[in-house]
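The next block holds one structure in the form of structure tokens; read it before the comments.
The values are calculated or read from the model by the stated rules, or taken from the named source; none is laboratory data. Predicted model, so just to flag it, every value in this text is computed and none were measured. Methodologically, a virtual Cβ is constructed for each residue, glycine included, from the backbone with ideal geometry; neighbour enumeration extends over all protein chains shown. Remember, those area values only see protein heavy atoms, side chains included, never the ligands or the DNA or RNA. Shrake-Rupley method; radii C 1.70, N 1.55, O 1.52, S 1.80 Å.
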Amino acid sequence: MNELEQTFCGYVALLGRPNVGKSTLLNHLLQQKIAITSRKPQTTRQNMLGVDTQGVYQAIYMDTPGIHRNTEKALNRYMVANATAALRDVDLRVMLIEAGKWKDEDAHVLEMLRHADTVNIAVLSKVDLLANKNQLLPEIERINAMGVFSEIIPLSALRNEGVEHFRQQVFARLPAGPHLFSADEITDQSERRLVEEIVREKLMRQLGDEIPHSAAVVVERFVASEKITEIHADIYVERDGQKRIVIGKQGARLKLIGQEARKDIERMLDNKVMLHLFVKVKKGWTNNNKLMTRLGYQ
Ligand SMILES: Nc1nc2c(ncn2[C@@H]2O[C@H](COP(=O)(O)OP(=O)(O)OP(=O)(O)O)[C@@H](O)[C@H]2O)c(=O)[nH]1
Ligand SMILES: [Mg+2]
């Protein structure tokens, strides 16, 4: 990049109801896995940044928790508050809508976007799942008629279709300004934090519907040497019964979770990893602000 060249940089929020593919899109844009994903809704709990720098352009994506209306528990309120904070203070807002699967929760997100004055782009996600591609055009027209979006982009992150077009559309809308991250920085998350998230992803993926939403992971020890990185992490659940399930028969489940997590962590750190997991109970932490803060949700 020539020093005198005009550069462009801006914050881009990825928004939408749970499970529409926000985190998956971010990972595919960066061609690196930084955000955890799962088939279960409400996987992402906190905003995180992913930086896409190419030449004069720098898009600083903000992945957000899915916006939903079940806010009985403090943790759910915290998640939605994170996402709605991202609505403000960004240069560009991208709403993901699952192609062919419009729901009430989408309408709720749309109303939030309507009341802001920054540019909005709609992404129609997971188009590979559409049985009939003829559905796409009427849906694009219907969304266009809502009068909220300057652009509607169908894509499949998993098949890498439309992702490059989306990237260019975002770049084209960034305001002029200096880059805020160096070209080799791709996230604002620490390695410890990423490890916690990887372990939580394996919990999300390997356990039934209830426990993943009651689990938190905290790295207690992280010692890196040239040959090996030793990590101790605590998994917190809300009840003794949940602890038994996470551990499994003779520790089988916990072992599997550890193996899966270790593979990902080794890839990320590019080092051998010794991972020790411990399961602990913090009664009712998802509805207790003090405990949430202790477990990393401030
Ligand atoms: N077939 C298909 N599945 C996808 C695509 N993108 C995402 N998915 C799947 O959709 C599910 C949800 O993806 P996530 O990226 O976790 O969704 P999210 O919007 O971040 O969800 P929350 O964090 O819960 O709000 C996962 O099982 C993904 O593999 C896609 O392009 N095609
Ligand atoms: Mg997510």
- Filter the range 170-215 for residues that are touching a residue at least 60 places away in the same chain (Cβ under 8 Å), aliphatic (A, V, I, L, M) and open to solvent by 50 Å² or more (accessible area, probe 1.4 Å) and give the result. Ala176, Leu180, Ala183
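Within the range 269-278, is there a residue that is closer than 30 Å to Arg77 by Cα, open to solvent by 40 Å² or more (accessible area, probe 1.4 Å), more than 22 Å from the chain's Cα centre (by Cα) and in the same structural domain as Gly241 (by TED's automatic domain parsing)? Before you say what the answer is, go through the steps one by one.
Going residue by residue through the range 269-278, those that are closer than 30 Å to Arg77 by Cα are 277-278.
Still in the running and open to solvent by 40 Å² or more (accessible area, probe 1.4 Å): 278.
Cutting the leftovers down to more than 22 Å from the chain's Cα centre (by Cα) gives us 278.
With in the same structural domain as Gly241 (by TED's automatic domain parsing) added as a condition, the list becomes 278.
Yes; the residues of the range 269-278 include at least one that is closer than 30 Å to Arg77 by Cα, open to solvent by 40 Å² or more (accessible area, probe 1.4 Å), more than 22 Å from the chain's Cα centre (by Cα) and in the same structural domain as Gly241 (by TED's automatic domain parsing).
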- Options Ile231, Ile235: the member that is more than 14 Å from Arg192 (Cβ to Cβ) and of a type in the set (Val, Ile, Thr): Ile235
- Query: Taking Asp63, is it surrounded by 18 or more Cβ atoms within 10 Å (Cβ to Cβ), within 13 Å of ligand 1 (Cβ to nearest atom), touching a residue at least 24 places away in the same chain (Cβ under 8 Å) and acidic (Asp, Glu)?
  - Reply: yes
- Exactly one of Ala122, Ala74 is within 20 Å of the chain's Cα centre (by Cα) and more than 30 Å from Phe8 (Cβ to Cβ), and that one is Ala74
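Let's see how each residue does on (1) hydroxyl-bearing (Ser, Thr, Tyr); (2) surrounded by fewer than 18 Cβ atoms within 10 Å (Cβ to Cβ):
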| residue | (1), (2) |
| --- | --- |
| Val20 | no, no |
| Thr24 | yes, no |
| Ile36 | no, no |
| Gln54 | no, yes |
| Thr84 | yes, yes |
| Leu113 | no, no |
| Gln135 | no, yes |
- Query: Restricting the first residue to the range 146-161 and requiring it to be within 28 Å of Gln32 (Cβ to Cβ), which pairs with a second residue that is among the basic types (Lys, Arg) meet a Cβ separation below 8 Å and a spacing of at least six or different chains?
  - Reply: Ser156/Lys126; Ala157/Lys126; Leu158/Lys126
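Inside the range 151-164, can you point out the residues that are open to solvent by 70 Å² or more (accessible area, probe 1.4 Å) and either within 16 Å of ligand 2 (Cβ to nearest atom) or assigned to a loop (DSSP other than H, G, I, E, B) (or both)?
So in the range 151-164, the residues open to solvent by 70 Å² or more (accessible area, probe 1.4 Å) come out as 158-161, 164.
Of everything in the range 151-164, those that are open to solvent by 70 Å² or more (accessible area, probe 1.4 Å) and either within 16 Å of ligand 2 (Cβ to nearest atom) or assigned to a loop (DSSP other than H, G, I, E, B) (or both) turn out to be Leu158, Arg159, Asn160.
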- Task: Quickly run through the range 226-256 and pick out the residues that are in contact with a Phe, Trp or Tyr (Cβ under 8 Å, 6 or more places away or on another chain), under 20 Å from Arg205 (Cα atoms) and buried (at least 20 other Cβ atoms within 10 Å of the Cβ).
- Result: Ala233, Ile235, Tyr236, Glu238
